[in-house]
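This report refers to the structure that appears directly beneath it.
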Amino acid sequence: MPELVKTMIRDVPNFPKEGIVFKDITTAIKDPKIFKRIIDYLTNEYKNQKIDYIVSIESRGFIFGAPLAYNLDAGLVVIRKPGKLPADVEKVSYDLEYGTDSIEVHKDAIEPGKKVLLIDDLLATGGTVEASCKLINKIGGDLIGVAFVVELTFLNGRKKLDNNVNIVSMVKY
Ligand code: AMP
């Protein structure tokens, strides 16, 4: 199943800049059978676990986070780029290749001790997910796992996460 999904993800060379091969998931999710396979795969991975919240990362994380939350009877929490969330936020900054970036979550989004699954479309260097884990920690969530549709294993993004965090990725390069 992951192999079929893989064939539907388009490589776009030199986007957003020279030397990066962008893994374009739009070609996969526009096919209803493929989109369903992705969501079913992730649902199956977690269907026997108690999860209170799916925390999804802007913006492609939302695409997969919402149907997964629905299937798992979990709530949906969003991590957003700065300045988008209206109420009080926690913020974490992280390094990019050039400069820094930040992400935010509502301070009251997760009640302390609630079980949380973090999801994003793709794991590359791991900077985004590392910062997201810090945010979840800050507001008291209990991280039970991290899920991705795509993992670029050659970038070793997993190393940025705690050894005891369970990581699921459907399609690996
Ligand atoms: P990173 O923080 O390096 O793990 O980057 C992860 C974020 O950047 C994800 O939210 C992805 O959507 C995006 N991203 C990074 N590299 C790629 C790539 N080669 N193709 C598609 N998306 C990417």
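Here, each number is a calculation from the coordinates, and none is a lab measurement. Note that the coordinates shown come from a computational prediction; the quantities given were computed from them, not determined experimentally. Here the Cβ is made from the backbone with ideal geometry for all residues, glycine too, and neighbour counts use every protein chain on show.
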Quick one: check the C-alpha center-to-center distance for region 1-45 versus region 46-76, whole angstrom.
18
Longest to shortest principal axis, alpha-carbon extents of the chain, angstrom:
41, 40, 32
Which percent, nearest 5, of DSSP beta bridges in the chain are antiparallel?
35
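From Cα pairs below 8 angstrom and at least 6 apart in sequence, can you work out the relative contact order of region 1-48, rounded to a whole percent? Write out the running numbers ahead of the final one.
On the way: 42 pairs, mean separation 14.7, N = 48.
Relative CO of region 1-48 lands at 31 percent.
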Below 25 Å, Cα to Cα, which lysines can Lys84 reach? Residues fewer than 8 away in the same chain don't count.
Lys107, Lys114, Lys115, Lys134, Lys138
Pairs of Cα atoms under 8 Å, at least six residues apart: use those to get the relative contact order of region 50-172, whole percent.
24
Throw me the Rg/Rh for region 63-106, computed over C-alpha atoms with Kirkwood Rh, two decimals.
1.09
Partner lysines whose C-alpha sits under 16 Å from that of Lys30, ignoring same-chain residues fewer than 8 away, are Lys6
MRE, 222 nm, helices only [DSSP H, n ≥ 4, -39500 (n - 2.57), over the chain, to nearest 500]
-8500 deg cm²/dmol
Ordering of 13-24, 89-100 by packing [mean C-beta count within 10 Å, highest first]:
89-100, 13-24
Amide hydrogen neighbours beyond the local backbone of Leu122, cut-off 5 Å, H modeled
Val149, Val150
